[in-house]
1. Identify, please: which residue in the stretch 1-23 is assigned to a helix (DSSP H, G or I) and small (G, A, S) and is, among those, farthest from T58 (Cα to Cα)?
2. Scanning the stretch 62-81 for residues that are touching a helix residue (DSSP H, G or I) at 6+ places or on another chain (Cβ under 6 Å) and aliphatic (A, V, I, L, M), which turns out surrounded by the fewest Cβ atoms within 10 Å (Cβ to Cβ)?
3. With in contact (Cβ under 8 Å) with a residue 12 or more places away in the chain and not polar (S, T, N, Q) as the only criterion, which of A83, A102, A57 stands out?
4. Evaluate the following for A56: is it assigned to a helix (DSSP H, G or I) and surrounded by 12 or more Cβ atoms within 10 Å (Cβ to Cβ)?
5. Kindly evaluate A102 against the criterion of being farther than 29 Å from L15 by Cα and either at pLDDT below 95 or not in a helix (DSSP H, G or I) (or both).
6. In the stretch 24-39, which residues are in a helix (DSSP H, G or I), more than 17 Å from L90 (Cβ to Cβ) and of a type outside the set (V, I, T)?
7. Does V48 satisfy the criteria of being β-branched (V, I, T), under 30 Å from A136 (Cβ atoms), surrounded by 12 or more Cβ atoms within 10 Å (Cβ to Cβ) and under 20 Å from the mean Cα position of the chain (by Cα)?
8. When the stretch 1-22 is examined, which residues are found to be among the hydrophobic types (A, V, I, L, M, F, W, C) and surrounded by fewer than 11 Cβ atoms within 10 Å (Cβ to Cβ)?
Amino acid sequence: MMAGDERRTAGGVDLACRFLLSVIFLSAGVPGLLSPAGFAAGLGQMGVPFPALSAAATIALTILGPLVLIFDIRKLGWVAAFALAAFTALTIPLGHAFWRFAEPRRTEELRIAIEHISLIGGLMLAGLSSLRRRQALPR
């Protein structure tokens, strides 16, 4: 069992980690919010189905998801983490399908896909951490 100071330090580090994990989503969601039509047009050019609806859902997820994850709103940080992980997994075939490109773009998209896979791992850890925190709370 952790002492009070250790618990506060661990909580602060955990919060910082959740923030750092969320920066990539917020940095994508805010520009989409500022220019939703342009964002939807870009999705349409990539072949994403229902670009306007997909843009709205993406903007909502990439802004609200990180906030729920960072602050564990209503103890649903785990839901946000797993939703962002699933979203990130979907971006590989929809936006970074490296197997469809010739070099040098193939390698660029492969690197992005590998980064996304690493991010998915971090999000899964954040989700598990949130579930553990939730289970440790008194009911």
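The values are calculated or read from the model by the stated rules, or taken from the named source; none is laboratory data. Because the structure is predicted, anything quoted here is derived from the model rather than measured. Backbone-built Cβ (ideal geometry, glycine too); neighbour counts: all protein chains shown.
1. Keep residues of the stretch 1-23 that are assigned to a helix (DSSP H, G or I), which gives 4-23.
Still in the list and also small (G, A, S): 4, 10-12, 16, 22.
Details: G4: 39, A10: 31, G11: 29, G12: 29, A16: 24, S22: 14 Å.
By that ranking, first place goes to G4.
2. L76
3. Details: A102 fails: in contact (Cβ under 8 Å) with a residue 12 or more places away in the chain; A57 fails: in contact (Cβ under 8 Å) with a residue 12 or more places away in the chain.
Result of the check over A83, A102, A57: A83.
4. On the way: assigned to a helix (DSSP H, G or I): yes; surrounded by 12 or more Cβ atoms within 10 Å (Cβ to Cβ): yes.
Judged against the criteria, A56 is a match.
5. Values: farther than 29 Å from L15 by Cα: yes; either at pLDDT below 95 or not in a helix (DSSP H, G or I) (or both): yes.
Yes; evaluated as a whole, the condition is true for this residue.
6. Pass one, the stretch 24-39, residues in a helix (DSSP H, G or I): 24-34, 36-39.
Subset that is more than 17 Å from L90 (Cβ to Cβ): 26-27, 30-31, 33-34, 36-38.
Selection gives L26, S27, P31, L33, L34, P36, A37, G38.
7. On the way: β-branched (V, I, T): yes; under 30 Å from A136 (Cβ atoms): no; surrounded by 12 or more Cβ atoms within 10 Å (Cβ to Cβ): yes; under 20 Å from the mean Cα position of the chain (by Cα): yes.
So V48 fails the test.
8. First, pick out the residues of the stretch 1-22 that are among the hydrophobic types (A, V, I, L, M, F, W, C): 1-3, 10, 13, 15-17, 19-21.
Listed by number, the residues that qualify are M1, M2, A3, V13.
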